[in-house]
Amino acid sequence: MIMISGGLALTGVMDLAQPEHSVRRNYPLVGRLRWLFESVRPAIRQYLVEGDQEQTPFSRSQRSLVYARAKNEISDRPFGTLVDVYRNGYEFIAHSTRPGAVADPASFRILIGGADCARPYPASIFNISAMSFGALSANAIRALNKGAKLGGFAHDTGEGSISRYHREQGGDLIWEIGSGYFGCRTDEGGFDPVRFAEQAADPQVKMIELKISQGAKPGMGGILPAAKITAEISETRGIPRGRDCISPARHSAFSTPIELMQFIGKLRKLSGGKPVGFKLCIGQPWEFMGIVKAMLETNILPDYIVVDGGEGGTGAAPFEFTDHLGMPMREGLLFVHNTLVGAGLRGKIKVGAAGKIISAFDIATAMALGADWTNAGRGFMFAIGCIQSLACHTNRCPVGVATQDAVRQRALDVGDKGDRVYHYHRNTLLGLSEMIAAAGLDHPAQLSPHHLVRRVSLTEIRLFSQLHIFLEEGELLAGASERDFYSAAWRLARPDSFELAV
């Protein structure tokens, strides 16, 4: 007791003397409770205070849905909806008086690959978004890829390249290449075509994805300090140990829209004709339109485009980037779809969408707005045990998902969690098949803006086809577009530069 009292007294004296924290200086010992309460606040809020529909960033209802489907449990709910169906923004799908038969979710696939693609890929309409080894643990990567293998869907590597853990289970991979060119990088940080061709030849790699920007932090590069470059990271990314690794904000392999298209054509050739596309979060609209003009000028088309939303994702980012940079997924998706339609290219390029996709309704909404398929990151993280502790950037993930701590990631059982990934995917697509059958449809590709409805006031609802602008085929090329936003941005776009046309 004397030692405890002495320790408390010494701590109190230190609090009185220290200059950094006014609270502790005025209230020694007691003032320390502030930091205690702040440290436990997220957990207390999530488990005791937060409402079922309160999205921070995902609601308890959303998380519970994923957990139930991942565990292959019944996700049905009794006693009616908990959602206020009369609030502004409430959305639903209009059902048919002649429902169709429930289709086999295994048939929910699309063929990705254009005219210049020799090895098209029959992709599921629901796949795992880009999440790198390093951001996620080895066991998390193993579990995700096992689920992808069991369910026959794709697992995006993230820009951290293909690790040994991606290869263990044999699931289909989408190899994402960012501005750091990890896995196909020269010692100076540029693109290495020989190393790229070697990696791309792996039969497990089904598609190549060039990352222009991501929703979590669009327009931002990064630095991996030398101290954090382990032997595994060095092996996976193809980078030396002992010096900082820089991922620049922009690519060095191209600097104009035309050069981007030429680079995509080069990647397709080097990969042996596999589908090659790019991912971006839409920012300045004339830049994407300049890319589309470059497609028309060079006659080189990407096989697909993935639209990432400014809602952010698994990657940690500065506050301003998370909340105030990048176009949200729905608006970005609609813009990309409309621009391709207006340029007469939509039928030649597939479009994917990523941005807070959790449920079958989320998939249906994205596809009704123009997506051919969807990707989910955080949904699959929930499936392998993420509890939304918001500690992804601290290396102290309590469930072993987003950490490189060997002790913490031991808690993640690859066999069990891989099965959960498979069940979550299968049960979500089963929910989608039941939903579209109620709307009288056979395949999600038949969804259109006419099937989605949104409440816009207490007394009014509108179809998405009434809420949004949808361009006609070739409208931008005809020069007769009267859509002020699209026509003005199209005039500003340049195929030879990302700068504005003068």
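The values are calculated or read from the model by the stated rules, or taken from the named source; none is laboratory data. Computed from a predicted structure; not experimentally measured. Note that we place each Cβ from the backbone using ideal geometry, even for glycine, and neighbour counts take in every protein chain shown.
Numbers at a glance
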| read-out | value |
| --- | --- |
| Of residues in the range 278-305 being within 15 Å of the chain's Cα centre (by Cα) and under 11 Å from Ile349 (Cβ atoms), the one surrounded by the most Cβ atoms within 10 Å (Cβ to Cβ) | Ile305 |
| Answer residue from the range 55-93, given it is over 28 Å from His450 (Cα atoms) and surrounded by fewer than 11 Cβ atoms within 10 Å (Cβ to Cβ) and is farthest from the chain's Cα centre (by Cα) among those | Phe79 |
| Matching residues in the range 134-150 - criterion: being over 15 Å from the mean Cα position of the chain (by Cα) and either crowded, with 23+ Cβ neighbours inside 10 Å or in a strand (DSSP E or B) (or both) | Gly134, Ser137, Asn139, Ala140, Ile141, Arg142, Ala143, Asn145, Lys146, Gly147, Ala148 |
| Hits in the range 83-110 (condition: farther than 20 Å from Ala123 by Cα, among the aliphatic types (A, V, I, L, M) and out of contact with any Ser or Thr (no Cβ under 7 Å at 6 or more places or on another chain)) | Val83, Val85, Ile93, Ala94, Ala101 |
| First in the range 244-260 and without any contact (Cβ under 8 Å) to a residue 60 or more places away in the chain, second anywhere and in a loop (DSSP other than H, G, I, E, B) and not acidic (Asp, Glu), Cβ under 6 Å, 6 or more apart | Asp244/Pro225; Leu260/Phe254 |
| Selection within the range 191-210 - outside any helix (DSSP H, G or I) and either of a type in the set (Val, Ile, Thr) or closer than 14 Å to Gly178 by Cα (or both) | Phe191, Asp192, Val205, Ile208, Glu209, Leu210 |
| Selection count where residues are within 17 Å of Ile233 (Cβ to Cβ), of a type in the set (D, E, K, R) and not in a strand (DSSP E or B), scope the range 173-190 | 1 |
| Selected residue (criterion: modelled with the lowest pLDDT) from residues of the range 185-199 that are closer than 20 Å to Lys279 by Cα and touching a Gly at 6+ places or on another chain (Cβ under 7 Å) | Arg185 |
| All positions within the range 147-197 that are of a type in the set (Ser, Thr, Tyr), touching a residue at least 12 places away in the same chain (Cβ under 8 Å) and farther than 19 Å from Asp303 by Cβ | Ser161, Ser163, Tyr165, Ser179, Tyr181 |
| Residue among Arg109, Arg69, Arg87, Arg119 that is touching a helix residue (DSSP H, G or I) at 6+ places or on another chain (Cβ under 9 Å) and either without any contact (Cβ under 8 Å) to a residue 24 or more places away in the chain or of a type in the set (Lys, Arg) (or both) | Arg69 |
| Selection count where residues are of a type outside the set (Gly, Ala, Ser), outside any loop (DSSP other than H, G, I, E, B) and either out of contact with any strand residue (DSSP E or B) (no Cβ under 7 Å at 6 or more places or on another chain) or surrounded by 16 or more Cβ atoms within 10 Å (Cβ to Cβ) (or both), scope the range 464-492 | 11 |
| Top-ranked residue of the range 437-450 - restricted to ones that are touching a helix residue (DSSP H, G or I) at 6+ places or on another chain (Cβ under 6 Å) and in a helix (DSSP H, G or I), ranked as surrounded by the most Cβ atoms within 10 Å (Cβ to Cβ) | Pro444 |
| Conditions (1) out of contact with any Pro (no Cβ under 6 Å at 6 or more places or on another chain); (2) under 20 Å from Trp286 (Cβ atoms); (3) not in a helix (DSSP H, G or I); (4) not aromatic (Phe, Trp, Tyr); number of the one not met by Pro495 | (1) |
| Residue in the range 437-454 that is of a type in the set (Gly, Ala, Ser), touching a residue at least 40 places away in the same chain (Cβ under 8 Å) and farther than 30 Å from Pro105 by Cβ present | no |
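For (1) touching a helix residue (DSSP H, G or I) at 6+ places or on another chain (Cβ under 8 Å); (2) modelled with pLDDT under 95; (3) on the phi > 0 side of the Ramachandran plot, each residue gets a yes or a no:
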residue: Ala138; (1), (2), (3): yes, yes, no
residue: Ile141; (1), (2), (3): yes, no, no
residue: Gly147; (1), (2), (3): yes, no, no
residue: His166; (1), (2), (3): yes, no, no
residue: Asp172; (1), (2), (3): yes, no, no
residue: Glu176; (1), (2), (3): no, no, no
residue: Gly180; (1), (2), (3): yes, yes, no
